[in-house]
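> Have a look at the structure that comes next, please.
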Amino acid sequence: MTSHRTLYSQLPATDRLLRDASFSALLHEFGHSRVVSTLREMLDDAREHIRLQETLPPWNEDWAAQAKQKLEANQRSALQPVFNLTGTVLHTNLGRALQAEAAVEAVAQVMRSPITLEYNLDGAARGHRDRALADLLCELTGAEDACIVNNNAAAVLLMLAACADGGEVVVSRGELVEIGGAFRIPDVMRQAGCRLVEVGTTNRTHLKDYRKATVDGNVALLMKVHTSNYQIEGFTKTVSEAELAELGNELNVPVISDLGSGSLVDLSQWGLPPEPMPKQMLAAGVSLVSFSGDKLLGGPQAGIIVGKKELIARIQSHPLKRALRADKMTLAALEATLRLYQHPETLVERLPTLRLLTRDATSISKQAQRLFPALQTHFGEQFEVRVEPCLSQIGSGSLPVDRLPSAAITFTPKDGRGVTLNALTQRLREQRKPVIGRISDGRLWLDLRCLEDEAGFMEMLTQ
Ligand SMILES: *Cc1c(COP(=O)(O)O)cnc(C)c1O
């Protein structure tokens, strides 16, 4: 007890520390209140250390250095840049699409300066915040008008709330999807105040099923939902958007389609699996199509609705639009991204999502061979390091069953224990720019498809 008291008395007082020259730089950089609260925490920890270990804590030698370390660790952003070597290009937990340089510049500009967001330079009338982008979207999709909101989930909610107006919405049982937990079509219907009418079965839905559901005359909308994140195979039948549009036309009921990802260009021209395009849907007679800004489009998080003028006008004037509208940074990034589509020849080079998706396996494999010797030297003692072919995923529920041939560096612990593997993933996560890979088959896989800053990566890992 006495020895504890002697040790406690050797701990410095907060005021004395704060007066110390070594603390003035910290006070300047982090501010008085954060430095004081950090010191209080350190003093509590020091007392605890003395109580348990009966010695002074190691940082008693240099309080300023320890305080600096703690303050810096607390300062680290919650949104830390990482290397995405998971093999999933559009990784939802890692922020989906990387923005094109043009989009980054456009965002920086609207952050620094007032802009004509809802202001017309050629007259007194207040402009519409989606106006410029709507024109661009019409050009790219053949739509009559467009509306932009926060994300595609918001777009679906808004389409339903504004266009079904409490009426019945007919959807195939095979398309009642759940996207990432909280977004389920039946729940969204309820939230939008409409009544879901399920037709057909999980594997087969026919046009006559939709027709039967409309006989009582209460149907407000016919809806198609793209089954982005799963595929039903075998004995199946679905009704195409074109067939449904024909029925909608005959009955005078709008057909809407939640396309999920959608693509503004034909991906098969680069050997990628084709994804339905909003333009085709509208040409087939669908009244409204919604899709995400940050999936295959490769732009910022946004929800885009394109289609018929009267319906978009109803959507634009619905009270929910005000709650779900996109902010100026989103609109700026989206506009810059859409402008890249006006110049398709340079799209692959300038749009990161497409650039990464179209990297061919041979060039990724060459990159892996290039990195191998240094990684082998650095990690070879504890791990068997290998270059292996692997399959990347597009991600974000886009094209769920398609895989892209790629190459990875793999690390298998030589002692055959998972402990070493966990230590390695931990070590990679603690890097200046954390490296996120994938564990499978008792090894760590670093899929190199998304590794563009090769020099930075190698310098960091092998320093
Ligand atoms: C991804 C997806 C959504 C949700 O889009 P967010 O932009 O993530 O809100 C909705 N419907 C479908 C079919 C999807 O694939």
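FYI, it's all coordinate maths here, none of it is from the lab. None of the values given here were measured: they were computed from a predicted structure. So basically every Cβ, Gly included, is an ideal-geometry build from the backbone, and we count neighbours across all protein chains shown.
> Just one of (1) small (Gly, Ala, Ser); (2) closer than 30 Å to Ala102 by Cα; (3) touching a residue at least 24 places away in the same chain (Cβ under 8 Å) trips up Ala455, so point out which.
(3)
> Which condition number in (1) small (Gly, Ala, Ser); (2) closer than 25 Å to Arg322 by Cα; (3) touching a strand residue (DSSP E or B) at 6+ places or on another chain (Cβ under 9 Å); (4) within 12 Å of the ligand (Cβ to nearest atom) is the one that Ser228 fails?
Against the list (1) small (Gly, Ala, Ser); (2) closer than 25 Å to Arg322 by Cα; (3) touching a strand residue (DSSP E or B) at 6+ places or on another chain (Cβ under 9 Å); (4) within 12 Å of the ligand (Cβ to nearest atom), Ser228 comes up short only on (2).
> Can Asp441 be described as crowded, with 16+ Cβ neighbours inside 10 Å and among the acidic types (Asp, Glu)?
When the stated conditions are applied, Asp441 does not pass them.
> A follow-up question, please. Here's a check for you: in region 74-97, which residue that is within 15 Å of the ligand (Cβ to nearest atom) and polar (S, T, N, Q) is farthest from Met42 (Cα to Cα)?
From region 74-97, those within 15 Å of the ligand (Cβ to nearest atom) are 88-97; that's our starting set.
In the following step, the residues that additionally are polar (S, T, N, Q) were identified as 88, 92-93.
Numbers: Thr88: 41, Thr92: 37, Asn93: 34 Å.
Applying the filter and picking the extreme gives Thr88.
> Consider only pairs whose beta carbons are under 8 Å apart and that are at least six residues apart or on different chains; among these, list those whose first residue lies in region 234-259 and is of a type in the set (Gly, Ala, Ser) and whose second residue is within 16 Å of the ligand (Cβ to nearest atom) and part of a loop (DSSP other than H, G, I, E, B).
What qualifies is Ala245/Val286; Ser257/His226; Ser257/Val286.
> Within region 187-302, considering only helices (runs of 4 or more DSSP H) that don't extend past its boundaries, which have at least 2 residues that are among the hydrophobic types (A, V, I, L, M, F, W, C) and crowded, with 17+ Cβ neighbours inside 10 Å?
241-251, 278-283
> State all residues of region 231-243 that are in contact with a Lys or Arg (Cβ under 7 Å, 6 or more places away or on another chain) and within 16 Å of the ligand (Cβ to nearest atom); if no residue qualifies, say none.
Result: Glu241, single match.
> In region 7-36, which residues are of a type outside the set (D, E, K, R) and loosely packed, with under 12 Cβ neighbours inside 10 Å?
Within region 7-36, the first condition is being of a type outside the set (D, E, K, R), and the residues that meet it are 7-14, 17-18, 21-28, 30-33, 35-36.
Correct list: Ser9, Gln10, Ala13, Ala21, Ala25, His28, Gly31, His32, Ser33.
> Another question, then. In region 61-102, how many residues are free of Cβ contacts under 8 Å to residues at least 60 places away in the same chain and either in contact with a His (Cβ under 9 Å, 6 or more places away or on another chain) or among the charged types (D, E, K, R) (or both)?
Counting residues in region 61-102 that are free of Cβ contacts under 8 Å to residues at least 60 places away in the same chain and either in contact with a His (Cβ under 9 Å, 6 or more places away or on another chain) or among the charged types (D, E, K, R) (or both) gives 6.
> Can you confirm whether region 162-182 contains a residue that is touching a residue at least 12 places away in the same chain (Cβ under 8 Å), assigned to a helix (DSSP H, G or I), surrounded by fewer than 18 Cβ atoms within 10 Å (Cβ to Cβ) and not aliphatic (A, V, I, L, M)?
Within region 162-182 (the criterion being touching a residue at least 12 places away in the same chain (Cβ under 8 Å), assigned to a helix (DSSP H, G or I), surrounded by fewer than 18 Cβ atoms within 10 Å (Cβ to Cβ) and not aliphatic (A, V, I, L, M)), the answer is yes, since at least one residue qualifies.
> Moving on. Going through region 46-73 one residue at a time, which ones are over 17 Å from Asp15 (Cβ atoms) and under 39 Å from the mean Cα position of the chain (by Cα)?
Of everything in region 46-73, those that are over 17 Å from Asp15 (Cβ atoms) and under 39 Å from the mean Cα position of the chain (by Cα) turn out to be Ala65, Gln66, Lys68, Gln69, Lys70, Leu71, Glu72, Ala73.
> Related question: Tell me, yes or no, whether region 343-350 has at least one residue that is buried (at least 21 other Cβ atoms within 10 Å of the Cβ) and either closer than 21 Å to Val265 by Cα or of a type in the set (A, V, I, L, M, F, W, C) (or both).
Within region 343-350, not a single residue is buried (at least 21 other Cβ atoms within 10 Å of the Cβ) and either closer than 21 Å to Val265 by Cα or of a type in the set (A, V, I, L, M, F, W, C) (or both).
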